[in-house]
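The values are calculated or read from the model by the stated rules, or taken from the named source; none is laboratory data. Treat the numbers as computed from the prediction; the structure is a model and nothing was measured. Every residue, glycine among them, receives a Cβ derived from its backbone with ideal geometry; neighbour counts consider all protein chains shown. We work out accessible area using only protein heavy atoms, side chains counted, and drop any ligands, DNA or RNA first. Shrake-Rupley method; radii C 1.70, N 1.55, O 1.52, S 1.80 Å.
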Amino acid sequence: MRLPGRLGPLRSTPLAARPPGRVRAGPAAGRRASARGRLGGTMAEEAKRLAACAAVDKHVQNNQVLGIGSGSTIVHAVHRLAERVKEENLTIVCIPTSFQARQLILQNGLTLSDLDRHPELDVAIDGADEVDSDLNLIKGGGGCLTQEKIVAGYAKCFIVIADYRKKSESLGERWKKGIPIEVIPMAYVPVTRALTKNFGGAAELRMAVSKAGPVVTDNGNFILDWKFDKVHEWSEVNTAIKMIPGVVETGLFIDMAEVVYFGMEDGSVSVREKQPR
């Protein structure tokens, strides 16, 4: 959940000029989808780039502290951020959510910092594995869920960027690999049993591809992928899972995102915003 007092209004102006729910990527956000072949990217990769550019152009301003997420879509956001810093002489400080994000920040010549020096962020930008109609997210396909949630939780505004394949009405509709759950290594067996006993489905220890044994997170922990077999009340389930001894964090990001930018197949950017309650 968002930390009390950390949920502020977007600093940029409302997206009033766009048609409801969709914007056309302008020159700053990149060329239309017809340029995909020339740029050497697939349709999905171009969609990621469009979403990333739209979000960076809309929400990044001078003298901000930014949270930089992890994953393939974030690569495009960092590239666009570096372009703007150079072109507009922006002063930006970046807080990474993973070793990958740290390297991206440094490779693109951006200013690297941490939560010790900047415990409150203006904006955090990150990707997602799936987004439902209420802006609940599944994250952690890349294994960085804990640091991603920490950085997003200390940001005044959490922005999500994704391609059209991540847009769902309900969690599990498109993402079939389960909800990642980071666990202390010694507890992965009892946590696995507790998950299936209390919530059904199946939980599997995520195994590495190019090394023997399980995936190890940046925090030195294991990841369980919980493949649920029914739709749950995700806020309640998220809280209950976090109370299981040995669980570090879940890949359920509930009531955290302010707005999600989806790069679409036709070269537009679909915008899904948090609705007032």
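What size of dipole, in debye to the nearest 20, comes out for the chain about its Cα centre when the only charges are +1 on Lys and Arg C-beta atoms and -1 on Asp and Glu C-beta atoms?
Charge dipole, the chain, about its Cα centre: 480 debye, nearest 20.
Over the chain, with a Gaussian network built from C-alpha contacts below 10 Å, which listed residue (175, 226, 234) shows the highest mean-square fluctuation?
Between 175, 226, 234, it is 234 that shows the largest mean-square fluctuation.
If the reach is capped at under 18 angstrom between alpha carbons, list the aspartates and glutamates near residue 156, excluding any in the same chain fewer than eight residues apart.
57, 114, 116, 120, 122, 126, 148, 255, 258, 273
Hydropathy first: keep DSSP H helices in the chain averaging at least -0.5 on Kyte-Doolittle, then drop any whose Cα extent along the axis falls short of 18 Å, and list what survives.
43-59, 72-88
Tell me the accessible surface of residue 59 in square angstrom (1.4 angstrom probe, heavy atoms of protein chains only), to the nearest ten.
10 Å²
Tally the DSSP beta bridges in the chain and give the antiparallel ones as a percent, rounded to 5.
Counting DSSP beta bridges with both partners in the chain, the antiparallel share is about 55 percent.
Taking all protein chains in place and a 1.4 Å probe, what share, in percent, of the accessible surface of region 35-273 do carbon and sulfur account for?
C and S fraction of accessible area: 51 percent.
Run the quick spin-label model on residue 62 and residue 208: label points 7 Å from Cα toward the beta carbon, then report their separation in nm to one decimal.
4.6 nm
Net charge around residue 93, counting only other residues with Cβ within less than 11 Å of its Cβ (Lys, Arg = +1; Asp, Glu = -1)?
-1
Would you mind listing how long region 112-154 runs along its three principal axes, going by Cα atoms, in whole Å with the largest first?
34, 21, 14
With respect to the cross-link table entries 167/227; 58/149; 58/227, which display a Cα-Cα separation exceeding 30 Å?
Distance filter (> 30 Å) returns 58/227.
Just the accessible area per residue of the chain, please: how many Å² with a 1.4 Å probe?
47 Å²
By how many nm would the segment from residue 103 to residue 115 grow when fully extended, if each residue of separation counts as 0.36 nm and the alpha-carbon distance is taken off?
This chain segment gains 2.6 nm when fully extended.
With Cβ to Cβ distances under 12 Å as the rule, what net charge do the other residues near residue 77 carry (K, R +1; D, E -1)?
Summing Lys and Arg as +1 and Asp and Glu as -1 gives +2.
Considering the options 77, 61, 118, tell which one lies farthest towards the positive end of the dipole of region 60-163, charges being +1 on Lys and Arg and -1 on Asp and Glu at the Cβ, about the Cα centre.
The one lying farthest along the dipole's positive direction is 118.
Using mean Cβ contacts within 10 Å as the protection proxy, how do 95-105, 196-206 order, highest first?
Ranking, from highest mean packing down: 95-105, 196-206.
Just subtract the alpha-carbon distance of residue 79 and residue 219 from 0.36 nm times their residue separation and send over the number in nm, one decimal.
Here the answer is 47.8 nm.
Which value at 222 nm does the chain reach when only helices count, each DSSP H run of 4 or more adding -39,500 (n - 2.57), with the total divided by all residues and rounded to the nearest 500 deg cm²/dmol?
-8500 deg cm²/dmol
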